[in-house]
Amino acid sequence: MIQDDPANTSNARGAFAAAARHAAAYRRDVAAADRTPTASYAEMLAAFAGPVPETGSDGAQIIEDLVARATPGIRASTGPRFFGWVIGNSHPTGVAADWLTAAWGQNAGNLIAAPAASAVEAVAAEWLLDLLGLPAAASVGFVTGATVANTVCLAAARSEVLRRVGWDVEADGLFGAPPITVLIGEDAHATVFSGLKYLGLGARRVVTVASDASGRMRADAFEAAIQATSGPVIAIAQAGQINTGACDPFAEIAPIARAAGAWLHVDGAFGLWAQASRRYTDRTIGIELADSWGTDGHKWLQTPYDCGYAIVRDAEAHRRAMTIAASYLPPPEGAERDPSAYVLELSRRARGFATWAMIRQFGREGIAAMIDRHCDIARHMGETLAQHPGISLVAPVDLNQFMLRFGEGEAGDAQTLATVRRIQEEAIAFIGSASWRGRWVMRVSVTSAATTMEHAETTIAAILQAWKAVVAGT
Ligand SMILES: Cc1ncc(COP(=O)(O)O)c(C=O)c1O
């Protein structure tokens, strides 16, 4: 019988070695992988099912068994021809740093418990602000992703706009509080509404601001909406619309928000990274004028899941909304950054290690080059495909996301979905669909560090082939 002995070094060595061997083999082969996953969810359930094990097993054996069972159900989303959703590459360097994060078992919630994890976060926070062109004094919370980053930022916003009218929301909650008006673009991401829901601001109780054909909030509509408000206001803008990549006109809306005394938050899950590019920074001009920004590491920085950043100009508001205090938790020394003061959780993964590793992996130049390349690839793919009969771009390619329609009018819905289905069946590339303004579209995201122009060309050919087959009715 295997003893539950964490100090069993041969067990640790075996388990770690097996994981490293399988991970390296997987990442070597994933570029050529097609038709993944090969097993359905039901088959995966059957693969893992069984009674609770009565006895323990050897670590290396467990890892071997895990790999054997899971492999058929792994989608090659780290592969170079994966264009579905906005999924980064989980870069091997970030993965390795993340393994060590787990092996070290650091609880990043406390500076005394985890000095290295806390320090690496402090440094990575400075690097992120520098790369993203945001105020150096802003505070950064290391969270699971943009959904939580937006929620944390909106908690800081809620705290500050109510403090300004004499209400302490942390102490007294929202019952009886002055009402907050939330302005949000009509093409905002669904997850922002989750944040509003969690914070008691109401997913439905918002003022929706009209956007243009690319999903970009209209500055004139924003101005009219904000002028019609009274009392505390939180305005939510977006960098990188999930289907079009469009960024709101920050240079126009930020001064309007400022003049109205509103807190301006930007959901920049991926689009905020245009700030770190060389040639696409004009998309986000004025974004640094906002009050808070939510973004992801696991999208354009290519860290492994899960990793996001909640960034707030007013660090005091950020801390007020998030700080956890208890006598058994040693207070931070002097002015040191307390890592738990910027996030929802106390105990959590030390995401700073992978962030630090990934920024070192690429460097400023490498990050800029990758973002430029992805945007170039998206534009090339979209514009090339739109030259072919029956294929049209739904909106100009602005960043790294674009949408295509196949066929005309009502019939185009079925033809578009048939083309997407065909691509997924052929499995040369993975691409998904979405509904946009009541019509079905093929949506393409270019976010993986592994993707090159060569992969784009292969994918263009595959899309044309699929469309040809749909037209031919085969
Ligand atoms: C614009 C935008 N906001 C928020 C999110 C949510 O991010 P996450 O899934 O990392 O929580 C996404 C995800 O794609 C997004 O594109």
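Please treat every number below as a calculation from the coordinates, not as lab data. In this text, all values refer to a predicted model and were calculated from it rather than measured experimentally. Cβ: placed from backbone, ideal geometry, glycine included. Neighbour counts: every protein chain shown.
Multiplying each eigenvalue of the alpha-carbon gyration tensor of the chain by 5 and taking the square root yields semi-axes of 35, 34, 20 Å, largest first, rounded to whole angstroms.
For the peptides 359-372, 246-259, 278-291, the ranking by mean Cβ contacts within 10 Å, running from highest to lowest, is 246-259, 278-291, 359-372.
Between Ala259 and Glu186, take the C-beta separation as r, use R0 = 30 Å, and let me know the FRET efficiency to the nearest 0.05.
Values: r = 23 Å, r/R0 = 0.76.
It comes to 0.85.
Remark: relative contact order (the stretch 1-123) = 27 percent; criterion is Cα-Cα distance under 8 angstrom and separation of 6 or more residues.
I need the peptides 400-407, 67-74 ranked by packing, meaning the mean over residues of other C-beta atoms within 10 angstrom, with the highest value on top.
Numbers: 400-407: 25.1, 67-74: 15.1.
Highest mean packing first, the order is 400-407, 67-74.
Farthest towards the positive end of the charge dipole of the stretch 9-71, among the residues Thr38, Val52, His22, is the Cα of His22, using unit charges on the Cβ of Lys, Arg, Asp and Glu. For the stretch 364-472, the relative contact order is 27 percent, taking Cα pairs closer than 8 Å that sit 6 or more residues apart in sequence and dividing their mean separation by the residue count.
With contacts taken as Cα pairs under 8 Å at a separation of at least 6 residues, the chain carries a relative contact order of 21 percent.
With helices as the sole contributors, the chain gives -13500 deg cm²/dmol at 222 nm; each DSSP H run of n ≥ 4 counts as -39500 (n - 2.57), and the sum is divided by every residue. Summary of packing: across the peptides 224-232, 24-32, the per-residue average of other C-beta atoms within 10 Å ranks them, highest first, as 224-232, 24-32.
Find how many whole Å separate the alpha carbon centroid of the stretch 115-130 from the alpha carbon centroid of the stretch 260-313. Using only Cα atoms to place each centre, the spacing works out to 17 Å.
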